Amino acid sequence: MATSLMSLSSSFLQPLKLKTLAKRNTHLSTTRKIITTCDSQKNTGKSNPSSRNPNFQKRRNSSKYGTSRRSILKKSFLQEQVTFTARISDDPHVAIIGGGMAGLVCALNLEARGVQSTVFDTGIHGLGGRLGTRIIEPQGLIFDHAAQFFTADDARFIKLVDGWLEKGLVREWKGAVGELEIGGSFSQFPSSSPPRYIAANGMRSLADSLLLESQMVNLVRPCWISKLEPLNGMWHLSENGTPRGQFDVIVIAHNGKCANRLLSASGLPLVAKQMKKLDLSSIWALLAAFDDPLPTVNFEGAFVKGVESLSWMGNNSAKLGNDRTPHCWTFFSTAAYGKQNKVPQENIPTVTAEKVKAGMLQGVEIALGLPEGSLPKPVYTRLQLWGAALPKNTPAVPCIFDPQGRAGICGDWLLGSNLESAALSGAALGNHIAEFLQNGEANPEEFAIGLHDRLSPLDGHDIGQFPGLTSVGEKEEANAYQLL
């Protein structure tokens, strides 16, 4: 049976409002600050006392901090719910942890509502999360090593993409893209398929460009926020003991084990519990450059079917219009192959790396119908494991927000597994927080969203969903059915 690449509908999201807050201080700086001096080291492993002893927080005098603690421990995380009682600042400031599409759109939507924010991201070379591009110098090799392209189906996201097109940030990918069967049988997606979009200079360039015109968004990178602490009615953020500011509201715009670790002793058990429910796939990415074109290839990108070690192969050089050699290809494994060969991504054993590399290159031969050992030897390779690659389940809500703890989550996984879902989620949370800051102090419980929704399995291709794009075989079956 053909696999559908359709996305979840997001028609239930409310239209975005562009209303500014009534209270604004005239001393607010309108200059966007970019800070690049933060440490990018991960948490050293020193645990918070409260994570070891659930009674630790009980011994603190909670009243003087502007917060109170519920007496019932959340057994799943051994932490109590923090409830802020202090008034929201006249000039509220939101911390956004994660500089992928969801976090960046959240920040821009907050700015449209007159709320300042600071985006913290771990990226050394740039922003983007799954909008990742590797540039290898001095050869000048360019690889999109995460998101390969995206489509647009929701009217609000289409409007956003139209703006990117006008600014030259993205363009339509008109090269041959389709499905590849074992043996080299390639079927191109029909011309009636939705437009495929790529960033003009690699996918990361889109993320790096989104904040260039912002006036109320600070950017701090590389920075690995390792602790969240409620104190004096504010959230205090730190990186391995170094203070990184205090904020009225926090947004978690990333996921995986790092987000779970950050939330594990935060005082946000409901938020932590929802994040913990998320199931993520593991996928290997092999970047390979060849001096000569690959034999028998008549396409620029292909979803590979029937090969255990390979789910996608894309020619970055052709996609980006780079006619120079070498030819830069991105190969993705299947999720099943990633699971079978999963290791700690921070320390991949050499024997595993060699095994996976050989298996994926052999998969390329099988997919193209080449004799064993006939694939040209790459002049450059780099292997990466995306240990928390793509969501496998979703609560199908636009965002998560805990008004008592003044904290929220945005990300593609809340709606689907694609760039559109990430943008819609970020916009929804930004709008929701702005509304909460303006009207939420009287009845904060009315602003709770997504804290108890169950997660359901998420369908899609191994490398994500592409709204509006349907498997070639499924489309043929649908057309045949309509003719009956």
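The values are calculated or read from the model by the stated rules, or taken from the named source; none is laboratory data. The model shown is predicted, which means the values in this text are computed figures rather than measured ones. Don't worry about glycine lacking a Cβ; one is built from the backbone with ideal geometry, like all the others, and counts go over all protein chains shown. Heads up: the accessible areas ignore ligands, DNA and RNA and are worked out on the full protein's heavy atoms, side chains in. Shrake-Rupley method; radii C 1.70, N 1.55, O 1.52, S 1.80 Å.
Across region 347-353, computed HN-Hα scalar couplings (Karplus, 6.51 cos²θ - 1.76 cosθ + 1.60, θ = phi - 60°) run 8, 7, x, 4, 5, 5, 4 Hz from first to last residue, x flagging Gly and Pro. Here the Karplus relation 6.51 cos²θ - 1.76 cosθ + 1.60, evaluated at θ = phi - 60°, turns the backbone of region 450-464 into coupling constants of x, 7, 10, 6, 7, 9, 10, x, 10, 8, x, 7, 4, 9, x Hz, with x for every Gly and Pro.
So which aspartates and glutamates can residue 339 reach, going by Cα to Cα under 13 Å and dropping same-chain residues fewer than 8 places off? Of all the aspartates and glutamates, those that pass the test against residue 339 - Cα under 13 Å, at least 8 places apart if same chain - are 279, 308, 462. Rounded, prolate or oblate: which one fits region 187-233, using the alpha carbon gyration tensor with axes a ≥ b ≥ c (rounded when a/c is under 1.5, else prolate when a/b beats b/c, else oblate)? Judged from the Cα gyration tensor, region 187-233 comes out prolate (a/c at least 1.5, a/b above b/c).
Using 1/(1 + (r/R0)^6) with R0 = 30 angstrom and r between the beta carbons of residue 350 and residue 137, what's the FRET efficiency to the nearest 0.05? Efficiency computed from Cβ-Cβ geometry: 0.75.
One decimal place: the segment residue 291-residue 372 gains 27.2 nm when fully extended, by the rule 0.36 nm per residue minus the C-alpha distance. One decimal place: the segment residue 276-residue 236 gains 12.1 nm when fully extended, by the rule 0.36 nm per residue minus the C-alpha distance.
Of the peptides 224-237, 397-410, 376-389, how do they stack up when ordered by the mean number of other Cβ atoms within 10 Å, highest first?
Taking the mean over residues of other Cβ atoms within 10 Å, the ranking is 397-410, 224-237, 376-389.
Given a cut-off of 31 Å, name the pairs among 305/355; 159/357; 167/357 whose C-alpha atoms lie farther apart than that in the structure shown. Going by Cα-Cα distance, 159/357; 167/357 fall outside the 31 Å limit. Under Stokes-Einstein, with the Kirkwood radius over Cα pairs as Rh, the value for region 361-466 at 25 °C and 0.890 mPa s is 146 µm²/s. Remark on residue 170: its backbone amide H falls under 5 Å from those of 165, 200, a criterion applied only to residues 5 or more positions apart or on other chains, H modelled at 1.01 Å from N.
With a simple spin-label model that places each label point 7 Å from the Cα along the Cα-to-Cβ direction, the separation between residue 382 and residue 167 comes to 2.6 nm. Rounded to the nearest 10 square angstrom, residue 296 shows an accessible area of 90 square angstrom against a 1.4 Å probe. As a calculated quantity, the FRET efficiency between residue 340 and residue 442 at R0 = 41 Å, using C-beta atoms, amounts to about 0.15. When peptides 267-275, 162-170 are ranked by their average number of other Cβ atoms within 10 Å per residue, the highest-first order is 267-275, 162-170. Distance between the pseudo-spin-label points of residue 176 and residue 456 (7 Å out from Cα toward the beta carbon): 3.9 nm.
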